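Asker: Handing you this structure, nothing more for now.
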């Protein structure tokens, strides 16, 4: 691997290109100059003096022995001779002829046909992009020569090292495969730490299992590099699928993309099973025909079209039938809450509705004089349903019959969902205050002035209340109502903060960032950028955060590394908070659809279309999902994961 | 550089203007092959120091072998609510020079402000012949320390609201170090694993195959992920860890500083449980000492400096085939 070694260690002090011009080797080859100095040995251009009249040029590869031990050298030379003999018998227009080999001055030399041209690596360095048609043609020719090698009798020849620098384009524009693996026998093992991997080799090759299917992988890797111009030696190994071809080469035909993706399959059995098969697929691309690459398209993560074509068949949209629907008189913006056998939801029709969980039958309604945007919350110990209304009032009603228990008036509309904790209820109001009341009787405890409307839901930990405001201020308040810390973002905060078991607080900003703070002091640990305001709150499951953004994407991000694991593209803003249940994450989009997505892969499992945007979190239980929609309806869907 | 040198860069006892008693200690330990700082070390060690916590180490004879015996840890013992640390780097028994670099920077204050302890700890394993490796790792620790002091530590002290998120400041520090390595030692490269500790939150940045381990009663957890070819192969179920340990390309990294102008940096934020340890080390430790031994020594030694010394001795006992660097942070009991 000397080609990719940037820091070779101490033994890299060999004098490369040690032969001077006009040196004559074995009384026959006159050195003209150095063609290249790859790693352990140089390649010279030489003239064959056996043909004094014709100016016959040859390439001579010089190889250094890995060791000075005479026995080891003899073994190396024997291997070299054996392989050179095999290569000398090959006859294919894309394989340079081997004329001679010999051993002189403690070095081995291989005499080959001189090819006037440029290797693909050099060609890439000289160009910004190469025509796709040309690349396709070369790829077909490479399949052809590799097919020839793989079908060599009695033993198949595996090239093992397909990469741009080993592929020459000659003066006729034809592909020639150079640098057969024999040279590798002369490279000594490197002991010191170094940087740079082969980049083009198949995973199984590192176990020593090189097969014809490994050459297929390397050809895929080479084509990927040529098209995307992303050098795999500079990337983590085996990560081609993290650099989608169309992101860098929008002109590449889908068929070509599919062929390369299939060639790059991690498991050999998922690749083309022969060079002939790959060549056939490439020929179809050349003809402009549809690819037969099969399900490779399903790998385009997060593309709903692709996933529904291949993965979604088991649960097509029609397969999900609501158990029941409950229609209110206006949009339902807030999410449902449940207690025992009852479900509660507020509607913009000014009522909070209570329905029976199992049947969706109407139980009671509680009228207010303003729209209800927030979600009701439950105070278990007092059996109360708590919610604010745009009529400025906060209400506590009995869960069974909807009778009023207590009310509290603020000076602004209430759009913040409340939080019940430590026997108190906390909520914000458009009057700019956060309120703390005794949950059982509504007795006033304190209020905190945020100076701007508070529409987020306070999060309460053992010792802090964390809440954000339209001013872009997020505060950590002591339970007694005094401020412990403040964190400011440049735009408003509509996404309710969430604190995990590590004490890390997550919230989204209108500036498009998801923030992670230390809830103890408000220090900003990291932020994750999306391309639109974040209104939804995050849900954390295990080490991952799940949340949507108004950029139309639903994200899965590692909470420790702030790195995206997968994304699911909805296309329309996602403002609803998600919920996680048994390996799936559930959320609604403003496109009106309710999605069930695999937690691990980010692939859609099923979706259910409602007649209006979904702006709030669903309620999940073992057997039912409740979803509010702006089509005025509360849906009860069967729990399917 | 052989052995380790502890440096005392400064010590301040301040009276806060409001009249509250406030003491701040700032200790900086830097083990690196940076020859420019050699002279500074000599003089710093000669300065009279009154604070026991930052006093210079007593002179001891250097025993035959590769590690020096260390005096018992004197720092912060008995100050249960703060953490303590140890640091040791050693050339090993085979290599002609130590290409590793280590840096510890620690500040602890007691005042009405109730500021959390701050610590920055860096391990860098340089690579490249002709002293390029040791220069690359030295530059990396130096540049990172300066960037992090400016962008994290000072804003914390000043209560600066506009400071960048900690992870971003750390990534920025690695990227600055990377550019500096490319500029000044184009032939060299280095790994870097660093942690900025603020209170009980550890912010780790990582490139390459040095490692951070979390050591708690539950065991040893490797927090960082090696950017090595064999690690990728393990993740893809193509190799077992045992096969990787003897793989001919086990030293091949796909990510390091000094390689490319753009370097991708891993960050990890972790709250460290009470009584746990965080261990940073170069592959000179983890490649030769069993994780079980690392765990036993890290968890059973009340004195982190002693634990570092023992770990280095053990790596040398196993052959000392590579440079060995260990930093161990011991977090306070709850």
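Asker: Quick check: pseudo-label points 7 Å beyond the Cα along Cα→Cβ at residue B:112 and residue A:171, how many nm apart are they?
Answerer: Going by the 7 Å Cα→Cβ label model, 8.8 nm.
Asker: Taking 25 °C and 0.890 mPa s as the conditions, I'd like the Stokes-Einstein D for region B:201-273 in µm²/s, using the Kirkwood hydrodynamic radius from alpha carbon pairs. Could the numbers behind the result be given before it?
Answerer: Numbers: Rh = 13.6 Å.
Rounded, D is 180 µm²/s.
Asker: Of all alpha-carbon pairs in region A:463-507, indicate the percentage at a distance above 14 angstrom. Don't skip to the answer; put the middle values down first.
Answerer: On the way: 460 of 990 pairs.
Every Cα pair in region A:463-507 considered, those over 14 Å come to 46 percent.
Asker: Set the Förster distance to 60 Å, then compute FRET efficiency between residue A:380 and residue A:609 from the Cβ-Cβ distance, nearest 0.05.
Answerer: Numbers: r = 34 Å, r/R0 = 0.57.
Calculated value: 0.95.
Asker: Based only on other Cβ atoms within 10 Å, what is the fewest-to-most ordering of A:167, B:262, B:324?
Answerer: If I rank by nearby Cβ atoms, fewest first, I get B:262, A:167, B:324.
Asker: Provide the FRET efficiency to the nearest 0.05 for the residue A:404-residue A:463 pair, computing r from the beta carbons and using R0 = 41 Å. Provide the component values of the computation, followed by the final result.
Answerer: On the way: r = 33 Å, r/R0 = 0.79.
Rounded to the nearest 0.05, the efficiency is 0.80.
Asker: If you count, for each residue, the other Cβ atoms within 10 Å and average over each peptide, how do A:431-441, B:92-102 line up from highest to lowest?
Answerer: Numbers: A:431-441: 19.7, B:92-102: 22.1.
So the order, starting with the most tightly packed, is B:92-102, A:431-441.
Asker: Tell me the label-point distance for the pair residue A:134, residue A:480, using the 7 Å Cα-to-Cβ offset, in nm and rounded to one decimal.
Answerer: About 7.7 nm separates the two model spin labels.
Asker: Per residue of B:247-260, count partner chain C-beta atoms within 10 Å of its C-beta, then hand back the mean as an integer.
Answerer: Working: counts 3, 5, 7, 2, 7, 12, 7, 12, 4, 6, 1, 3, 5, 5.
Going residue by residue through B:247-260 and averaging, the value is 6.
Asker: Right, something else. When the chain is fully extended, how far beyond the present Cα-Cα distance does residue A:621 get from residue A:57, taking 0.36 nm per residue of separation? Can you show the working numbers first?
Answerer: Details: separation 564, 0.36 × 564 = 203.04 nm, distance 7.87 nm.
Gain in length upon complete extension: 195.2 nm.
Asker: I would also like to ask the following. For the modelled label position 7 Å from the Cα of residue A:241 along Cα-to-Cβ, which residues of region A:571-604 have backbone nitrogen atoms closer than 17 Å?
Answerer: Within reach of a label on residue A:241, which here means backbone N under 17 Å from a point 7 Å along Cα→Cβ, region A:571-604 contributes A:598-604.
Asker: Sort A:228, B:193, A:328, A:75 so the one with the fewest other Cβ atoms within 10 Å of its own Cβ comes first. Please report the intermediate quantities before stating the final value.
Answerer: Working: A:228 19, B:193 26, A:328 22, A:75 13.
If I rank by nearby Cβ atoms, fewest first, I get A:75, A:228, A:328, B:193.
Asker: May I ask for the Rg/Rh ratio of region A:536-589, computed from Cα atoms with Rh as the Kirkwood radius, given to two decimals? List each step's numbers first, then the result.
Answerer: Working: Rg = 10.2 Å, Rh = 10.9 Å.
Using only Cα positions, Rg/Rh for region A:536-589 is 0.94.
Asker: Within region A:463-488, list the residues whose amide N lies under 18 Å from a label point set 7 Å along Cα→Cβ of residue A:423.
Answerer: A:463-464, A:479-481
Asker: If you find the alpha carbon centre of region B:103-136 and of region B:155-179, how far apart are they in angstrom?
Answerer: 14
Asker: Right, another one. Which log10 I(q)/I(0) values, to two decimals, does region A:540-641 give at q = 0.13, 0.14 Å⁻¹ under the Debye formula with one point per Cα?
Answerer: Log10 I(q)/I(0), no solvent term: -0.40, -0.46.
Asker: Which number comes out as Rg/Rh for region B:270-330 once both Rg and the Kirkwood Rh are worked out on C-alpha atoms? Intermediate results must be reported in sequence, preceding the final value.
Answerer: Values: Rg = 11.2 Å, Rh = 11.6 Å.
The Rg/Rh ratio comes out at 0.97.
Asker: Using only the alpha-carbon atoms, how far is helix A:132-150 inclined from the longest principal axis of chain A? Give it as 0 to 90 degrees, nearest 10.
Answerer: 60
Asker: Note the full-extension length gain between residue A:24 and residue A:563 as 0.36 nm times their separation in residues minus their Cα-Cα distance, in nm to one decimal. Working shown, then result.
Answerer: On the way: separation 539, 0.36 × 539 = 194.04 nm, distance 5.91 nm.
Full-extension gain reported as 188.1 nm.
Asker: For helix A:254-263, what angle does its Cα long axis make with the longest principal axis of chain A, in degrees from 0 to 90 and rounded to 10?
Answerer: The angle comes out near 70 degrees.
Asker: Please give the contour-minus-distance gain from residue A:327 to residue A:287: 0.36 nm per residue of separation, less the Cα-Cα distance, rounded to one decimal in nm. Before the final figure, lay out the partial values.
Answerer: Details: separation 40, 0.36 × 40 = 14.40 nm, distance 5.52 nm.
The residue A:327-residue A:287 span can extend by a further 8.9 nm.
Asker: What number in nm² do you get for region B:77-214 if you take the convex hull of its Cα atoms and divide its surface by four? Before the final figure, lay out the partial values.
Answerer: On the way: hull surface 38.0 nm².
Averaged projected area of region B:77-214's Cα convex hull equals 9.5 nm².
Asker: Roughly how tilted is helix A:70-88, in degrees to the nearest 10 and between 0 and 90, from the longest Cα axis of chain A?
Answerer: For A:70-88 against chain A, the angle is about 90 degrees.
Asker: Once the Cα gyration tensor of region A:458-597 is found, what semi-axes does its equivalent ellipsoid get, as square roots of 5 times the eigenvalues, in whole Å, sorted largest first? List each step's numbers first, then the result.
Answerer: Details: eigenvalues 123, 50, 34 Å².
After scaling each eigenvalue by five and taking roots: 25, 16, 13 Å.
Asker: Another question, if that's okay. Fewest first, what order do B:292, B:142, A:333 take by the number of other Cβ atoms within 10 Å? Mind showing how you got there, number by number?
Answerer: Numbers: B:292 10, B:142 21, A:333 24.
Ordered by Cβ neighbours within 10 Å, fewest first: B:292, B:142, A:333.
Asker: So, one more: For region B:215-334, what D do you get in µm² per second when you plug the Kirkwood radius from alpha-carbon pairs into Stokes-Einstein at 10 °C and 1.306 mPa s? If you can, show how the numbers build up before the last one.
Answerer: Working: Rh = 15.8 Å.
Estimated via Stokes-Einstein, D reaches 100 µm²/s.
Asker: Same structure, new question: Rg and Dmax of chain A over Cα atoms: what are they, in angstrom?
Answerer: My reading of the Cα-based Rg and Dmax gives 34.2, 112 Å.
Asker: Residue by residue through A:516-527, how many Cβ atoms from other chains fall within 10 Å of the Cβ on average?
Answerer: Numbers: counts 4, 1, 8, 0, 6, 7, 1, 11, 8, 9, 11, 4.
Mean partner shielding for this stretch: 6.
Asker: Report the Cα centroid-to-centroid distance between region A:480-514 and region B:252-314 in angstrom, as an integer.
Answerer: If you average the Cα positions of each part, the centres end up 33 Å apart.
Asker: Right, something else. So what are region A:354-402's ellipsoid semi-axes, whole angstrom, largest first, if each one is the square root of 5 times an eigenvalue of the alpha-carbon gyration tensor?
Answerer: Values: eigenvalues 71, 38, 16 Å².
Whole-Å semi-axes of the equivalent ellipsoid: 19, 14, 9.
FYI, it's all coordinate maths here, none of it is from the lab. For clarity, every value in this text was computed on a predicted model and none was experimentally measured. We place every Cβ from the backbone using ideal geometry, glycine too, and count neighbours over all the protein chains shown.
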